[in-house]
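Participant: I'd like to ask you about the structure that follows.
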Amino acid sequence: GFLGGPLGTNGKTSFMLSANDNIQDRQAVIYAAGPDEIIQDTLPHPTGEARVSGSITWQMSDTNTVAIRPNYQYERDENRGVGGTTLASAASTFTHHEQQVTYTQQTILRPTLLNQFQMLIGHEREPAVSASAAQAIVVNGAFTGGGAQADLVRTETHMNLNESLAWTKGHHLVQAGFQ
């Protein structure tokens with residue numbers, strides 16, 4: 001969904017909000033040769049992702065505009081890695097959370113000179129958890145069982161700064177900056 005429009009009565013502030021949610025209810029089909037018999041099974045393998053983002057933009061003056069944009073993303077993949085000859089005990093569950101906020105300020109210094117500053121701050125967390133803590137058992141061509149041995153947590157905190165100055169003259173544009 002999407003929603004946006006003006007904020008307040010002065011016409012210089014606006015907002016935007018968007019959200020997306022996608023869920024897939026899938027099944028993993030297991031067909032493996034066990035020690036005593038053929039193993040036939042199905043296991044739920046739901047996946048999903050959601051995103052929510054928004055912005056508030058404020059035109060402070062005819063030459064200066066500020067925007068703040070938060071963003072959130074979530075993903076989940078349950079019973080990952082299962083199917084074929086890989087048994088349910090060797091599954092893992094993966095999740096991803098990411099939050100970001102971006103601040104942008106655009107200033108017209110002269111009609112031919114534009115300055116833009118942008119700062120992004122974000123954090124990610126991605127845990128993967130095995131369905132079983134047991135040791136992996138791999139019988140090549142027959143089955144993979146035991147634990148997935150996939151336990152880990154990855155985290156990241158990041159920041160990005162951009163400064164840009166653009167100058168125009170006739171049909172020419174010169175831009176310089178740093179990141």
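The values are calculated or read from the model by the stated rules, or taken from the named source; none is laboratory data. No experiment lies behind these values; they were computed from the predicted model shown. Here Cβ is always computed from backbone atoms with ideal geometry, including for glycine, and neighbour counts include all displayed protein chains. Please note that ligands, DNA and RNA were not included when accessible areas were found on the heavy atoms of the full protein model with its side chains. Shrake-Rupley method; radii C 1.70, N 1.55, O 1.52, S 1.80 Å.
Participant: Compute the distance in nm between two label points, each set 7 Å from the Cα along the Cα-to-Cβ direction, one at His172 and one at Leu120.
Facilitator: 3.2
Participant: How large is the convex hull of the Cα atoms of the stretch 62-179 per residue, expressed in Å³ as a whole number?
Facilitator: Working: hull volume 18.6 nm³, N = 118.
Per residue, the Cα convex hull of the stretch 62-179 comes to 158 Å³.
Participant: If R0 is 35 Å, what FRET efficiency do you get for Ala50 and Asn162 from their C-beta distance, rounded to 0.05?
Facilitator: Details: r = 28 Å, r/R0 = 0.79.
It comes to 0.80.
Participant: Let me ask something else. Based on the alpha-carbon gyration tensor of the stretch 1-148, what equivalent-ellipsoid semi-axes (square roots of 5 times the eigenvalues) come out, in whole Å, largest first?
Facilitator: Rounded to whole Å, the semi-axes are 52, 16, 10.
Participant: Below 8 Å between Cα atoms, with a sequence gap of 6+, how large is the relative contact order for the chain in percent? Please report the intermediate quantities before stating the final value.
Facilitator: Details: 478 pairs, mean separation 28.8, N = 179.
It rounds to 16 percent for the chain.
Participant: How big is the Kirkwood radius of the stretch 78-119, worked out from every pair of different alpha carbons and given in Å to one decimal?
Facilitator: Working: mean 1/r = 0.0670 Å⁻¹.
Answer for the stretch 78-119: a Kirkwood hydrodynamic radius of 14.9 Å.
Participant: I'd like the FRET efficiency for Ser61 and Phe15, computed as 1/(1 + (r/R0)^6) with the beta carbon distance as r and R0 of 22 Å, rounded to 0.05.
Facilitator: Numbers: r = 19 Å, r/R0 = 0.88.
Computed FRET efficiency for Ser61 and Phe15 comes out at 0.70.
Participant: Tell me which of Ala166, Met119, Thr42 sits at the most positive position along the dipole axis of the chain, charges placed on C-beta atoms (Lys, Arg +1; Asp, Glu -1).
Facilitator: Towards the positive end, the residue furthest out is Ala166.
Participant: Another one. What accessible area per residue comes out for the stretch 37-179, rounded to a whole number of Å², with a 1.4 Å probe? Each step should come with its number before you reach the end.
Facilitator: Working: 8750 Å² over 143 residues.
Accessible area per residue: 61 Å².
Participant: Along the positive direction of the dipole of the chain (beta-carbon charges: Lys, Arg +1; Asp, Glu -1; about the Cα centre), which of Thr63, Ala142, Asn20 reaches farthest?
Facilitator: Thr63
Participant: In whole Å, largest first, what are the principal axis extents of the Cα atoms in the stretch 1-64?
Facilitator: 78, 19, 9
Participant: Still on this model: Roughly how big is the chain's charge dipole about its Cα centre, with Cβ charges of +1 (Lys, Arg) and -1 (Asp, Glu), in debye to the nearest 20?
Facilitator: Numbers: 10 positive and 16 negative charges, 207 e Å.
Result for the chain is approximately 1000 debye, rounded to the nearest 20.
Participant: Which percent of the accessible area of the chain is formed by carbon and sulfur heavy atoms (probe 1.4 angstrom)?
Facilitator: On the way: 6420 of 11480 Å².
Result for the chain: 56 percent of the exposed heavy-atom area is carbon or sulfur.
Participant: Now, a different point. Equivalent ellipsoid semi-axes for the stretch 18-100, as square roots of 5 times the alpha carbon gyration tensor eigenvalues: give them largest first, rounded to whole Å. The partial results should precede the final answer.
Facilitator: Working: eigenvalues 440, 20, 7 Å².
They are 47, 10, 6 Å, listed from largest to smallest.
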